[in-house]
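The block underneath contains the structure these notes are about, expressed in structure tokens.
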Amino acid sequence: MKDDKEKKEDGQVTREEQEARDRVFKSKRLFRVAEDSRRKYDWEWLVRNLYIRGYHFARYNRSTNTVSFSTRTGVRIPVNLVTAHMRGVRNQVTSFQPKWEVLPKVTSESAFENARYSGKVLDYIYEKSQVRRKIKEIVNDALWSSVGVWQFDVDGKGDVVITRVDPYDFYVDPNIKSPNLNDPELGAEFVDKVVQTSIDAIKKNKEYRKEVRDQVKADNITASAEYKKFLIQVTNSQLLQAECFFLYYL
């Protein structure tokens, strides 16, 4: 009996390949569900971001599915108090210097000594990983999206790496019924994080099979979320015209 990994006839796939295709198909289906469910929130996030960036007079035209950055002739100068208030909140949150205090589980001398060293390690991580700046980043995200996401990792040198994840790139199972994502019964079935990477990085990643790496091609997509694409274009001054034809609201 031939191994399941071997192809029996031309045009047929092995069981392992079929299972991989099924996983990819299911992952794409679940991602589309999460993407469609969050679309209305993406629109709200875009409106808030435009306001924060100073586009106070932007208006959406339902008849033409366009966004106008100016609706009247003449000079109008917006006073961006929203950004000032957000900066004040960020500064208030990080206005103190936290001090880690690790409590030992037992009352032995070695346990107290390990606790002191653990506190120093946490202080070092706070400075090394620039946690103060990263706190400002997720507080800023939470103010316009109600979502703040950190990703913790360890680099090749063994140092803790904390990375801020853009709320636009973070998708959660819309059927979740618990605030705890890891709840075994009511938690999320899946969580998707969208990552933009280069073709060279994928081709050099030995975790993927060589035949798969060779088939990868660039898609030139700047972001997965439609409204984030528009926001990137506005930020890069690529579509700063009287009207933008890209954005549409469902």
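The values are calculated or read from the model by the stated rules, or taken from the named source; none is laboratory data. Since we're looking at a predicted model, the values are computed, not measured. Here Cβ is always computed from backbone atoms with ideal geometry, including for glycine, and neighbour counts include all displayed protein chains.
When the residues of the stretch 83-108 are filtered to those that are over 30 Å from Asn49 (Cα atoms) and among the basic types (Lys, Arg), the one that is surrounded by the most Cβ atoms within 10 Å (Cβ to Cβ) is Lys99. Exactly one residue among Leu186, Leu181 is among the hydrophobic types (A, V, I, L, M, F, W, C), more than 19 Å from the chain's Cα centre (by Cα) and either surrounded by 13 or more Cβ atoms within 10 Å (Cβ to Cβ) or not in a strand (DSSP E or B) (or both), and that residue is Leu186. Which residue pairs have Cβ atoms under 6 Å apart, sit 6 or more places apart or on different chains, and have a first residue in the stretch 159-181 that is under 17 Å from Asp141 (Cβ atoms) and a second that is of a type in the set (Val, Ile, Thr) and assigned to a loop (DSSP other than H, G, I, E, B)? Once the first residue is under 17 Å from Asp141 (Cβ atoms) and sits in the stretch 159-181, its partners that are of a type in the set (Val, Ile, Thr) and assigned to a loop (DSSP other than H, G, I, E, B) give Pro167/Val147; Asp169/Val194. Residues in the stretch 80-136 that are touching a Gly at 6+ places or on another chain (Cβ under 9 Å) and farther than 30 Å from Val47 by Cα: Lys99, Trp100, Glu101, Val102.
Residue-by-condition table, conditions (1) surrounded by fewer than 17 Cβ atoms within 10 Å (Cβ to Cβ); (2) outside the structural domain of Pro98 (by TED's automatic domain parsing); (3) touching a Leu at 6+ places or on another chain (Cβ under 6 Å); (4) of a type in the set (A, V, I, L, M):
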| site | (1), (2), (3), (4) |
| --- | --- |
| Ser110 | yes, no, no, no |
| Tyr117 | yes, no, no, no |
| Val121 | yes, no, no, yes |
| Arg132 | yes, no, no, no |
| Glu137 | no, no, no, no |
| Ser146 | yes, no, no, no |
| Asp153 | yes, no, no, no |
| Gly158 | yes, no, no, no |
| Pro174 | yes, yes, no, no |
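Does Tyr60 satisfy the criteria of being modelled with pLDDT under 85 and outside any loop (DSSP other than H, G, I, E, B)? Considered against the rule, which asks whether it is modelled with pLDDT under 85 and outside any loop (DSSP other than H, G, I, E, B), Tyr60 comes out as yes. Reported count of residues in the stretch 196-217, each being in a loop (DSSP other than H, G, I, E, B) and either over 23 Å from the mean Cα position of the chain (by Cα) or not small (Gly, Ala, Ser) (or both), is 10.
Among residues of the stretch 37-59 that are in the same structural domain as Phe230 (by TED's automatic domain parsing) and surrounded by 16 or more Cβ atoms within 10 Å (Cβ to Cβ), those with a Cβ under 9 angstrom from a residue that is of a type in the set (D, E, K, R) and at pLDDT 90 or above, sequence gap 6+ or separate chain, pair up as Asp42/Glu35. Just give me the residues in the stretch 90-146 being polar (S, T, N, Q) and under 22 Å from the mean Cα position of the chain (by Cα), in sequence order. Selection gives Ser129, Gln130, Asn140, Ser145, Ser146.
Counting only residues that are exposed (fewer than 15 other Cβ atoms within 10 Å of the Cβ) and modelled with pLDDT of 75 or more, the stretch 210-231 holds 10 of them.
Search the stretch 123-171 for residues being in contact with a helix residue (DSSP H, G or I) (Cβ under 7 Å, 6 or more places away or on another chain) and assigned to a strand (DSSP E or B), and hand back the single one that is modelled with the lowest pLDDT. It comes out as Val160.
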